[in-house]
Amino acid sequence: MKETAPASSSFTTPVKTLHWALAVLVLIMLYGGFTLSRETATMHFGTGLVILVLMVIWLAIRGRNPRPAQVDMPRWQQIASKAVHHGLYASVTLQPVFGLMMATTSKGEPVAYGVIPLKIAQNDAINEVGHVLHGLNGYLLTALVTVHILAALYHHVVLRDNVLRRMLPFAKP
C-alpha cells in the first residue's frame, strides 16, 4: 500500500504569485471601472485582457494543484468560502469577456494599450447586453472581493488561524 505525503498547509508559489497579481489588477480595474474616463479607457481595455489571460492560467494551475490542507472551521464557513471563491473565479473570468462584448461591438474604435484594436463589428444589441452584464458583474465582483478580504482579515485578526498566512508570499503557516 502506497503512502501519500501529508498535504501542505500553504499554497504553491505559482498560485500565490497569480493570486496577488490578480488581486492587485482586479482592485485597480474596479477602481478604474468606476472612475473610467476617455484617457484611461485604453489601459482599462488592455488590463482586462491581461486579467483574462491570467485567469485562464490561474484556473489551469489551480486545476492541477491540490488545495492545501483545510483549516479547521465550521461547515457553514467551508461552504461560504467555497461559494465566494467559485464566485470570484467566475466573476473575474467573465468580467473581461463582458468588456470584450462591449469593446468589439462598439460604435467607437476601442484600442487596448493604445495599440491593439478591439473592434470587430458594430452591433448595438450585443453591445448593450455586454454593457449591462459588465456593470452588474462589476458590482457583484466588488461585493465578492469585499467579502473575501473581510473574511481573510477576520480569520487573521480575530480567529488567529492560518487562513490568510497560507496565501501570504513569505509567511510560514
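Nothing in this text is a laboratory measurement; each read-out follows from the coordinates by a stated rule. What you see is a predicted model, and the numbers here were worked out from it, not measured in a lab. For neighbour counting, all protein chains shown are included, and Cβ atoms are generated from backbone atoms with ideal geometry for every residue, glycine included.
Mind ordering 151-158, 113-120, 130-137, 98-105 by average Cβ neighbours within 10 Å, highest first?
Order by mean packing, descending: 98-105, 130-137, 151-158, 113-120.
For residue 112, enumerate residues with amide H under 5 Å from its amide H, sequence gap 5+ or separate chain, H modeled in the peptide plane.
Residues meeting the amide H criterion: 118.
Evaluate the distance, in nm, between pseudo-label points positioned 7 Å from the Cα of residue 43 and of residue 143 along their respective Cα→Cβ axes.
2.9
In nm, give the distance between the simple-model label positions of residue 70 and residue 156, each being 7 Å from the Cα along the Cα-to-Cβ direction.
With each label placed 7 Å out from Cα toward Cβ, I get 2.4 nm.
Return the label of the correct value of log10 I(q)/I(0) by the Debye sum over Cα atoms at q = 0.09, 0.20 Å⁻¹, as calculated from the structure shown, out of (1) -0.54, -1.50; (2) -0.38, -1.35; (3) -0.61, -1.19.
Entry (2).
Straight-line reach from residue 119: which aspartates and glutamates have Cα under 17 Å away, leaving out those fewer than 8 places along the same chain?
Reachable aspartates and glutamates: 109, 128.
Neighbour counts of other C-beta atoms within 10 Å: give me 9, 37, 81 arranged from fewest to most.
Values: 9 14, 37 8, 81 19.
The order, fewest Cβ neighbours first, is 37, 9, 81.
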